[in-house]
1. Once the mean 1/r over all distinct Cα pairs of region 1-86 is inverted, what Kirkwood radius in angstroms do you read off?
2. Pulled fully out, how much extra length does the chain show between residue 115 and residue 58, if you take 0.36 nm times their separation in residues and subtract their Cα-Cα distance?
3. Just for the chain, what percent of DSSP beta bridges are antiparallel, to the closest 5?
4. Can you give me the long-range amide H partners of residue 10? Hydrogens built in the peptide plane at 1.01 Å from N, cutoff under 5 Å, separation of 5 or more residues or another chain.
5. Read phi for every residue in region 41-55 and hand back ³J(HN,Hα) as whole Hz from Karplus 6.51 cos²θ - 1.76 cosθ + 1.60, θ = phi - 60°, with x for Gly and Pro.
6. With a Förster radius of 35 Å, plug the Cβ-Cβ distance of residue 107 and residue 4 into 1/(1 + (r/R0)^6) and report the FRET value to the nearest 0.05.
7. Quick one: with all protein chains in place, what share of the accessible area of the chain is carbon or sulfur, to the nearest percent (1.4 Å probe)?
8. What helices does the chain hold that run 20 Å or longer along their axis, going by alpha-carbon atoms, with a Kyte-Doolittle average of -1.0 or more, using DSSP H for the helix calls?
Amino acid sequence: MLTYSEDAATRTAEIIVDGRITREDFDTIAPQIEAFVDAHAPIGFVEVIHRFDGFEASLLWDGIKLDRRLLPHIEKVAVVGDQGWLTPISKAAGAVLSTKLRTFALADLEDARAWARRRDMPEG
């Protein structure tokens, strides 16, 4: 299950993952994220992972295509969760992305949001 929110004033979007990501989740939220990025890039992004039970296999290619299109317009990604595998996966991804990526514990969610809101790149 995914929950999505955005804040145009801070140019920050947030997604909460709690369970399995379904096709319905993706098809509902992907267009909202695309529209927000198109209107407000560069943005900060916060991904809060309470529980991750995988995703429907049919989402793999669509997710890769969405990431390829949007990541150049996302300045920072804060990955928030207490799962032990988050930090090494995030570090590996951060090594190959131009997007700044940082992990935070769930207890540090407000710090993650503040970090994602700070802009390092000039607008335009």
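The values are calculated or read from the model by the stated rules, or taken from the named source; none is laboratory data. Nothing here was measured: the structure is a model prediction, and the numbers come from that model. Glycine also receives a Cβ, built like all others from the backbone with ideal geometry; neighbour counts cover every protein chain displayed. Quick note on the areas: whole protein, heavy atoms, side chains included, nothing else; ligands and nucleic acids left out. Shrake-Rupley method; radii C 1.70, N 1.55, O 1.52, S 1.80 Å.
1. It works out to 13.3 Å.
2. 17.3 nm
3. Close to 20 percent.
4. Amide H neighbours of residue 10, under 5 Å, 5+ apart: none.
5. 4, x, 10, x, 9, 10, 10, 9, 10, 7, 8, 10, 10, x, 8
6. Result of the calculation: an efficiency of 0.95.
7. Heavy-atom surface of the chain belonging to carbon and sulfur, 1.4 Å probe: 56 percent.
8. Those that clear 20 Å and a mean of -1.0 are 23-40.
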